[in-house]
Amino acid sequence: MTSDFHFYEPRHGHRLAHNPFYAIMGPRMIGWIATRSKEGVDNLAPYSFFGAYSADPPMIGFTSEGWKDSVDNVRSTGEFSWNLVSRDLAQAMNLTSQSVPAEMDEFELAGIQKSECRVISASRVEDSPVTFECRLSELSQLRSSSGTSLDQWLVLGEVVGVHVRKNFLEHGVYQTAKARPILRGGGKAEYFEISSALRFEMSRPE
């Protein structure tokens, strides 16, 4: 009997044209992370493995494949900002995904207007609808189930300051779709945009 499922063990390969994990675990919000080095150089880079882990206190985190400038800066300063990527910022965000020397400022590279944060010393993306200012809570190296150390680093930060553009607030409620956030899908170039037309409501059982 032919199975209705394609089954594979990741350690033996997926046997498909592209690793489905990225597409299954998507779309994902983008961790557009701004940091500042000890030398004062601003860094801005997108991370597709990003999420929220607590609401009280608010905590967010991203994972870096390899020890990159963002991780090194966070370890050195204990601070970073997250900037929401709206549709009109997509091309600029994509430019900041380049691998460049640590002494290069990605804000300048991509022509992005920067502003100072209020609580932390890192910069933020001026045109982003939302910025979270974060202080490092935990930085850890990921391990496999067998205990093998991986060249992947999880950065968790507590949100200590929030910037929300007022035109995305209606009667005190943040309008998710109005900000037009883009999300990372599968493949090398796949993204999605949130639409209010696809919204539905479902209350939790009492």
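The values are calculated or read from the model by the stated rules, or taken from the named source; none is laboratory data. Quick caveat: nothing in here was measured; it's all calculated off a predicted structure. Please note: Cβ atoms are built from the backbone with ideal geometry, for glycine as well, and neighbour counts cover all protein chains shown.
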Taking region 119-130 only, how many residues are under 18 Å from Phe62 (Cβ atoms), outside any strand (DSSP E or B) and among the β-branched types (Val, Ile, Thr)?
1
Test result for Thr176, of a type outside the set (A, V, I, L, M, F, W, C), closer than 20 Å to Pro58 by Cα and out of contact with any Gly (no Cβ under 6 Å at 6 or more places or on another chain):
yes
Name the residue that is farthest from the chain's Cα centre (by Cα), counting only residues in region 188-206 that are closer than 23 Å to Arg124 by Cβ and not β-branched (Val, Ile, Thr).
Glu193
Elements of type strands (runs of 3 or more DSSP E) contained in region 35-118, each with 2 or more residues being among the hydrophobic types (A, V, I, L, M, F, W, C)
42-47, 50-55, 58-65, 79-83
Could you list, ordered by first residue, the pairs with Cβ atoms under 7 Å in which the first is in region 71-96 and more than 22 Å from Phe168 (Cβ to Cβ) and acidic (Asp, Glu) and the second is surrounded by 15 or more Cβ atoms within 10 Å (Cβ to Cβ) and at pLDDT 95 or above, at least 6 apart or interchain?
Glu79/Ile120; Glu79/Ala122; Glu79/Cys134; Glu79/Arg135; Glu79/Leu136
Among residues belonging to region 155-187 that are in contact (Cβ under 8 Å) with a residue 60 or more places away in the chain and over 22 Å from Arg124 (Cβ atoms), point out the one that is farthest from the chain's Cα centre (by Cα).
Gly187
Checking Val71 against (1) among the hydrophobic types (A, V, I, L, M, F, W, C); (2) touching a strand residue (DSSP E or B) at 6+ places or on another chain (Cβ under 6 Å); (3) closer than 20 Å to Ser128 by Cβ, which test does it fail?
(3)
Just wondering, is there one or more residues in region 131-139 that are surrounded by 14 or more Cβ atoms within 10 Å (Cβ to Cβ), of a type in the set (D, E, K, R) and part of a loop (DSSP other than H, G, I, E, B)?
no
In region 134-154, how many are of a type outside the set (Asp, Glu) and touching a residue at least 12 places away in the same chain (Cβ under 8 Å)?
11
